[in-house]
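Everything below concerns the one structure shown next.
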Amino acid sequence: MLAWIGALLIGLTLGLLGSGGSILTVPVLTYIVGQETKVAIAGSLMIVGVISLFSAIPYALQKLVKWRTVVLFGVPGMAGAAVGAWGAHYVSDAIQMLVFSALLLSASYLMFKPMKLGDAEHEHTERAMGKIAVDGFVVGAITGLVGVGGGFLIIPALVLLGGLSMRLAVGTSLVIIAIKSFAGFVSYLKVLDSLNLSLDWSIIWIFAVIGIVGGWLGHKISSKINQEQLKKGFAVFLILMGAFILYKNLPGLF
């Protein structure tokens, strides 16, 4: 029961904030469901990909996806996700979770002190294609290594580097998260096969369906909730979770 509540929370957070929900998936699968770390990361990639894909459909129908940026950012992101998943062969579970905790703390910082995005409501001149591609590759590598969508990194990058308005950035980000999550998942299957580990598909699909419902509910109630207070509250939660993961995994390095 606690696991299903966690799945609903993942979708709700995505619906309310536009990012952040996927960063809960690995901890929920690892510490509540009880999955092995690499199995949880692979499952997270599929769950995040499915939820993001469904969440992107309304944006695409409203023409709030910039497909040129999807290619410029997303294709290198897919390559980065594949490289990150390949690198997971050579990284211990403890290291992966420590990287994950660092991302949690980074996300909490960005929620407490969000980046100044300038005129985020209108499109402006986008920067060099090379910078966008490099940024996409780096975020993709993080996705492949630790199983997060990275929306809290992608949206500022699309506004600052891609020159997109905030609404275009959110819709475009969801498409990018979906394609690089699927790319990372496919690559991660080889990691699981080499370690004789297998996925629990029933958990993946239940989490995905509950997450989609949660995302829809979050979107519906988002206008009734103070977003700044919500972000700060979620940031505190991420700090506590990051500290817990550090506590659980630091001893594994020594």
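The numbers here are math on the coordinates, done by the rules we state, and not lab data. Keep in mind it's a predicted model, so treat the numbers as computed, not measured. Cβ coordinates were reconstructed from backbone atoms using ideal geometry, including for glycine residues, and neighbour counts include every protein chain displayed.
Cβ under 10 Å from residue 29's Cβ, residue 29 left aside: what net charge do those residues give with Lys, Arg +1 and Asp, Glu -1? Here the count lands on -2.
Taking only the Cα atoms of the stretch 1-92, the radius of gyration and Dmax are 14.9, 43 Å.
When every Cα-Cα distance of the stretch 148-221 is counted in 10 angstrom steps from zero, the calculated P(r) takes the values 16, 35, 32, 15, 2 percent. Legend: calculated FRET efficiency, residue 246 to residue 90, from the Cβ-Cβ distance at R0 = 30 Å, rounded to 0.05, equals 0.85.
Each label was represented as a point 7 Å from its Cα along the Cα-to-Cβ direction; for residue 57 and residue 2 these points are 3.3 nm apart. Here's the picture: charge each Lys and Arg Cβ at +1 and each Asp and Glu Cβ at -1 in the stretch 136-229, and of 209, 183, 146 the one pushed furthest to the positive end of that dipole is 209. Length available on full extension from residue 217 to residue 31: 0.36 nm per residue minus the Cα-Cα distance, which gives 64.5 nm.
Which residues make up the longest stretch of the chain clear of trypsin sites (Lys or Arg not before Pro) that lie in a DSSP loop with no more than 10 other Cβ atoms within 10 Å, not counting the sites? Of all site-free stretches, the longest is 117-254. Overall, the ratio between the Cα radius of gyration of the chain and 2.2 N^0.38 Å, rounded to two decimals, is 0.94. A crude spin-label estimate for the pair residue 67 and residue 112, with each label 7 Å from Cα along the Cβ direction, gives 4.3 nm.
With contributions of -39500 (n - 2.57) from each DSSP H run of at least four residues, the per-residue ellipticity at 222 nm computed over the chain stands at -23500 deg cm²/dmol.
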